[in-house]
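The structure appears right after this line, and notes come after that.
Here, each number is a calculation from the coordinates, and none is a lab measurement. Computed from a predicted model, the values in this text were never measured in an experiment. When we count neighbours, we look across all protein chains shown, and the Cβ atoms used for this are built from the backbone with ideal geometry, even at glycine.
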Amino acid sequence: FSIWLVAPPRRRRPQRLPMAPGSILLPARAAASTLLVLLLSPVVTADVDVDAVPPAHFGGGAVGRKFAQGRARGTQEFLYLSMPVDHQSTTGPTWKLKYLLEKSHFAPGGPLVVSMPGEGPLSRCRANQMMASLRALVVCPEHRFFGDSIPLGNSSTANLRYLTVEQNLADVAALIKHFREKYPSIPKVVAYGGSYSGACASWIRRSKPDVVDAAIAQSPPLVAKLAFPEYDTSNLVALASPDTRCAQVVAASMQALERLLVSERAALMRAFSASYHISSDMGEVDFMYGLGDSVAGAVQYGQKDMLCSALAPLYGRQHELTDWDYAKSFANYTFVAWGKDYFNQCFYNSTCMRDSWRDPVAQDARSWYWITCTQLGYFQTAPQKGLATRPRALTIDRLLDQCRYVFGMPEADLINDEKVKAWNDRFGGGEDLGQTNIFVTDYSDDPWKMASVTSEVLRSSWPLLLETQPFLLLTCDGCGHCGAGVPGARTASIMEQFVAALASWGITAPPASAGDEPKQGVDGTVAAFALQPGAPMAALGGARRAASAAPARPVAGLALAG
């Protein structure tokens with residue numbers, strides 16, 4: 001249930017405001033312009049029915065608690081494989097790639113599924129319904145320069161030159177080679193991922209078709225972009241359904257915050273427990289980015305109802321609200337959704353990102369920013385026309401200045417329009433996947449769909465191939481990144497479609513007696529995870545039957561570009 005504490009305007013009787021079912025309205029003895037919203041929403045659950053787990057900087061508050069199980073450490077033993085720091089050099093240093101192995105459903109003759117590494121530490125490796133149906137051997141590597149996988153011992157700017165998408169794909173290719181030697185019965189290899197790791201699944205199939213036979217890419221940001229204002233606009237459109245007043249109030253709140261950033265900057269930052277940002281070099285950029293993310297995180301991870309419920313007492317009252325009414329309401333929502341320390345994390349502190357290169361465990365914010373600042377962009381700027389969900393002062397120039405500040409990089413290393421074009425020419429830019437046997441899924445509320453196969457998303461054309469490049473855009477309220485917020489029955493249906501597509505490409509579960517045993521001395525452990533009763537194993541129709549009993553489970557490697 002929710003409790004709303006509302007201070008009515010002076011000399012007015014309390015108004016009856018729209019609230020979620022089960023809410024309680026209490027008049028608050030507070031200043032006339034103060035609006036406090038205390039949310040005790042029923043968002044904490046014992047399980048997570050999606051493949052998407054928000055990154056660590058969204059780990060606090062009510063939303064973080066809901067997804068806590070997806071971050072929990074599994075019981076498997078970490079394994080390691082030596083490989084070059086630089087795959088372009090045959091004589092350079094090596095490092096140990098960390099990975100987990102899940103083989104509780106594996107049968108000899110089953111395919112190898114690589115859960116592509118994402119932009120965060122590796123904690124567990126699970127088989128979802130598709131992988132179990134294929135009787136697959138599942139391997140989950142940790143991305144270089146994330147977690148404690150730090151080649152050369154630190155994340156200095158000099159060492160980060162080895163943090164590239166291409167080096168990551170080469171790591172995965174070397175791991176696949178290792179497993180194909182250890183398990184000669186493996187007939188096919190599938191790359192599977194969501195978000196950035198989903199894009200990498202598509203890119204490795206495109207660039208190394210002799211290594212990977214098929215790719216499943218959920219919510220993949222396939223198109224490199226310098227400025228990415230479409231991300232922001234997509235979030236606002238998502239908030240306009242099912243009640244357009246939510247989008248209106250969010251936009252009005254952001255306009256109020258923009259004005260306060262000019263007129264009462266320090267007081268505003270203190271109201272969000274962001275005092276550090278008042279005097280730090282990049283404090284205003286960090287703060288504005290955090291404001292935008294507070295909205296984006298809710299939409300992206302299927303929690304927009306929480307945001308809209310928090311702001312519902314403001315509906316229809318814009319004419320009587322002050323900028324501080326909007327600010328206090330939005331701050332309270334931010335604290336509840338993401339935690340009181342939201343703005344004190346390294347992800348919203350450029351100085352922390354700059355200075356954290358010596359840590360034995362990588363600062364994920366620094367590593368992810370390096371990839372965006374040098375190769376992929378995705379800078380979530382505010383639209384300069386129309387309504388927005390982040391301050392309009394968050395421009396591409398200020399975000400590029402942030403890159404310079406964090407890494408002290410020479411201008412030649414910084415991403416620019418020419419590098420974006422070269423990347424998209426090389427990897428297809430979402431319009432031409434460049435290879436067959438790639439299945440792309442996107443979700444209607446997910447802002448990252450605007451960097452995916454955009455012609456299909458925008459309904460302008462359908463250049464993808466008929467049978468070997470299937471595309472699914474699932475449309476439903478609250479359906480977010482990598483399927484966050486998607487009902488279990490629909491998730492099961494999507495898994496069934498993956499299995500059907502793979503079967504059409506010759507990738508199926510083995511017969512019961514197929515294949516040979518792994519070679520002696522194979523490394524790996526059996527996962528503790530097992531499918532719930534009724535979950536599919538080999539039959540295509542099993543996923544639909546299991547929809548009510550066992551939705552798809554989280555999979556390591558599905559993280560969030562954020």
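From the Cα gyration tensor of the range 96-165, with a ≥ b ≥ c the square roots of its eigenvalues, which class applies: rounded if a/c is under 1.5, or else prolate if a/b is larger than b/c, or else oblate? List each step's numbers first, then the result.
Numbers: a/c = 3.18, a/b = 3.04, b/c = 1.05.
Note, shape of the range 96-165 comes out prolate.
Show me the trypsin sites (Lys or Arg not before Pro) within the range 342-411 that DSSP assigns to loop and that have at most 10 other Cβ atoms within 10 Å of their Cβ.
Numbers: sites: 354, 358, 366, 385, 392, 398, 404; in loops: 358, 385, 392.
Passing sites in the range 342-411 are 358, 385.
For the range 202-295, what class follows from the C-alpha gyration tensor (a ≥ b ≥ c being the square roots of its eigenvalues): rounded when a/c is under 1.5, otherwise prolate if a/b is larger than b/c, else oblate?
Values: a/c = 3.73, a/b = 1.82, b/c = 2.05.
Because a/c hits 1.5 or more and a/b fails to exceed b/c, the range 202-295 counts as oblate.
By the scheme Lys and Arg +1, Asp and Glu -1, what is the net charge of all other residues having a beta-carbon under 10 Å from that of residue 367?
That works out to 0.
Expected output is a single nm value to one decimal: the length gained when fully extending between residue 161 and residue 503, i.e. 0.36 nm times separation in residues minus the C-alpha distance. What is it?
On the way: separation 342, 0.36 × 342 = 123.12 nm, distance 3.95 nm.
The residue 161-residue 503 span can extend by a further 119.2 nm.
For the range 374-408, list residues with backbone N below 18 Å from a point placed 7 Å from the Cα of residue 425 toward its Cβ?
Within reach of a label on residue 425: 375-377.
How much net charge surrounds residue 478 when only the other residues with a Cβ under 12 Å from the Cβ of residue 478 are counted, with Lys and Arg +1 and Asp and Glu -1?
Numbers: positive: 304, 490; negative: 305, 445, 446, 477.
Local net charge: -2.
Give, in nm to one decimal, the length gained when the segment between residue 465 and residue 152 is fully stretched (0.36 nm per residue of separation minus the Cα-Cα distance).
Numbers: separation 313, 0.36 × 313 = 112.68 nm, distance 4.26 nm.
Length gained between residue 465 and residue 152: 108.4 nm.
Need one word for the range 380-425: rounded, prolate or oblate. Basis is the Cα gyration tensor (sqrt eigenvalues a ≥ b ≥ c); a/c below 1.5 gives rounded, then a/b vs b/c decides. It would help to have the intermediate numbers written out before the result.
Numbers: a/c = 3.62, a/b = 1.44, b/c = 2.50.
Oblate is the answer for the range 380-425, as a/c is 1.5 or above yet b/c matches or exceeds a/b.
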